[in-house]
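A short write-up of the structure that comes next.
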Amino acid sequence: MNDLRVILFYKFVRIENPEKFVKEHLKFCKNLGLLGRVLVSEEGINGSVAGTAEKIGEYEKYLKKDQRFSDMVFKEDPVVEIPFTKMKVRLRKEIVTFGKKVDFEKKGEYILPEKLKEMYENKEEFIILDARNYYEYKVGRFKNSVHLSIKNFREFPESLKKIKNLKNKKIVTYCTGGVRCEKASSYMKENGFKNVMQLKDGIINFGKQFPDTYWEGKCFVFDKRLVSKINTNEKTISNCEICLKPSDLYRNCRNLNCDKLIIECLSCQKELNGCCSQECLLDFRKQCIQKAMKNQGRKILGAITN
């Protein structure tokens with residue numbers, strides 16, 4: 001029986017001497033046999049790790065023994081295989097890059113998944129604002145949600161000007177696990193948005209409790225899976241960027257000079273050999289020929305010198 005798990009977690013809390021914390025945390029994770037990625041800064045911790053249910057349980061207990069993380073919430077997903085190849089614990093200036101200082105005392109009020117579901121069912125007047133990147137929004141989103149067309153979270157502050165006319169509206173922000181909304185909602189309130197809330201623990205938490213309700217599509221995740229199932233029905237809301245057929249299969253263009261992240265169906269992946277266009281396919285083939293010639297040259301040189 002498969003018992004592999006992936007957990008997602010974060011906590012904004014002061015960490016003194018984060019350099020020391022990184023070294024000790026990495027050592028513990030490696031000794032435990034976990035794989036994943038954890039970001040640490042003076043402002044807190046943000047990560048996703050994977051392993052057996054037993055090892056994940058030990059990890060959660062280890063973190064919660066630390067008073068700073070005693071109330072940490074872990075979002076968990078069962079997986080068929082580990083979606084990471086290494087265990088990384090990195091020191092960062094921010095645990096989620098925003099580029100603006102925010103006052104967390106002004107963060108948006110938390111609302112639980114059942115409250116958001118109730119707001120939908122009662123047809124309340126509110127704006128549901130997606131704080132994620134556009135490529136995440138394309139494959140899955142809440143019904144009637146608004147997006148700022150940002151490529152990365154650093155663009156959020158500037159892009160907020162697009163909805164400055166909504167400052168007096170009731171707004172619910174959401175993201176994958178909640179970490180981005182802590183900053184987004186705080187920044188919004190500091191900049192004149194009057195009634196801002198944030199979905200507690202994000203999409204993952206909502207999907208666990210209320211699948212097949214107001215979430216459409218799948219959820220983008222930052223590991224080898226790229227997308228995670230939220231609903232029991234498999235309705236696809238995105239399209240292949242080559243042929244426009246329904247697809248939610250993300251991949252990076254095989255041409256290393258491009259490496260563009262695109263939605264590409266299996267047929268187009270096969271036809272273009274994993275590239276995103278005919279131009280990239282030609283460039284990729286040139287790279288393969290050059291590599292083959294280089295390797296052949298080494299073999300000839302090796303035969304001569306031997």
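Read the figures in this text as sums done on the coordinates, not as results from a lab. Note that this is a predicted model, so its numbers are computed, not measured. Please note: Cβ atoms are built from the backbone with ideal geometry, for glycine as well, and neighbour counts cover all protein chains shown.
Observations
- Cα pair distances in the chain, grouped into 10 Å bins until the bin that holds the longest one, percent each: 6, 23, 29, 25, 12, 4, 2, 0, 0
- Using just its DSSP H runs of length 4 or more, each adding -39500 (n - 2.57), the chain gives a mean residue ellipticity at 222 nm of -10000 deg cm²/dmol after division by all residues.
- Potential lengthening between E271 and K117 on full extension [0.36 nm per residue; Cα-Cα distance subtracted]: 51.2 nm
- Amide H to amide H distances under 5 Å link V73 with Y10, where only residues 5 or more positions off or on other chains count and H is placed in the peptide plane.
- R0 of 25 Å, Cβ-Cβ distance E24-E105: FRET efficiency to nearest 0.05: 0.25
- Between the amide H of I128 and those of V146, V172, distances stay under 5 Å, these residues lying 5 or more places away or on another chain, with hydrogens modeled in the peptide plane.
- Extension gain for N295 to R90 (0.36 nm times residue separation, less C-alpha to C-alpha distance): 70.3 nm.
- Cut-off under 5 Å, modelled amide H: who pairs with C253 long-range: D259, K260, L261, I262
- Mean Cβ count within 10 Å, highest first, over the residues of peptides 248-255, 267-274, 201-208: 201-208, 248-255, 267-274
- Cut-off 12 Å between beta-carbons: net charge of the residues surrounding M72, Lys and Arg +1, Asp and Glu -1: +2
- Straight-line reach from K291: taking Cα to Cα under 23 Å and skipping same-chain neighbours fewer than 8 places apart, the lysines in range are K260, K270, K299.
- Cα-Cα over 30 Å, subset of K101/K169; K23/K162; K86/K208: K23/K162
- Descending principal axes extents, segment 240-306, alpha-carbon based, whole Å: 56, 17, 17
- Using distinct alpha-carbon pairs, which all enter the 1/r mean, Kirkwood radius of segment 82-121 in Å: 14.5 Å
- Net dipole in debye of segment 1-58 [+1 Lys, Arg Cβ; -1 Asp, Glu Cβ; about Cα centre; nearest 20]: 100 debye
- Kirkwood Rh, Cα atoms: Rg over Rh of segment 162-306: 1.20
- In this Cβ point-charge picture (+1 for Lys and Arg, -1 for Asp and Glu), segment 151-285 has a dipole of about 600 debye about its Cα centre.
- Label-to-label distance for R285 and V146 is 4.8 nm, based on points extended 7 Å past Cα in the beta-carbon direction.
- Distance in nm between pseudo-label sites at T52 and E125 (7 Å out along the Cβ direction from Cα): 5.7 nm
- Of all aspartates and glutamates in the structure, the ones whose alpha carbon falls short of 18 Å from that of K106, not counting any fewer than 8 places away in one chain, are E43, E182, E190, D201.
- Disulfide-incompatible cysteines by the Cβ rule (no partner under 4.7 Å) in the chain: C29, C175, C181, C219, C243, C268, C288
- Of P18, L282, A184, farthest towards positive along the dipole that unit charges on Lys, Arg, Asp, Glu beta carbons give the chain: L282
- For the cross-link pairs K115/K189; K64/K224; K55/K200; K164/K224, the ones whose C-alpha atoms lie over 29 Å apart are K164/K224.
- Residues of segment 235-258 with amide N under 15 Å of a point placed 7 Å along Cα→Cβ from E155: none
- Share of alpha-carbon pairs per 10 Å distance bin for segment 104-219, given as whole %: 14, 52, 31, 3
- Our summary of shape: the Cα atoms of segment 4-91 have principal axis extents of 37, 24, 17 Å, ordered from largest down, in whole angstrom.
- The magnitude of the dipole of the chain, with charges of +1 and -1 set on the Cβ of Lys/Arg and Asp/Glu and taken from the Cα centre, is near 980 debye.
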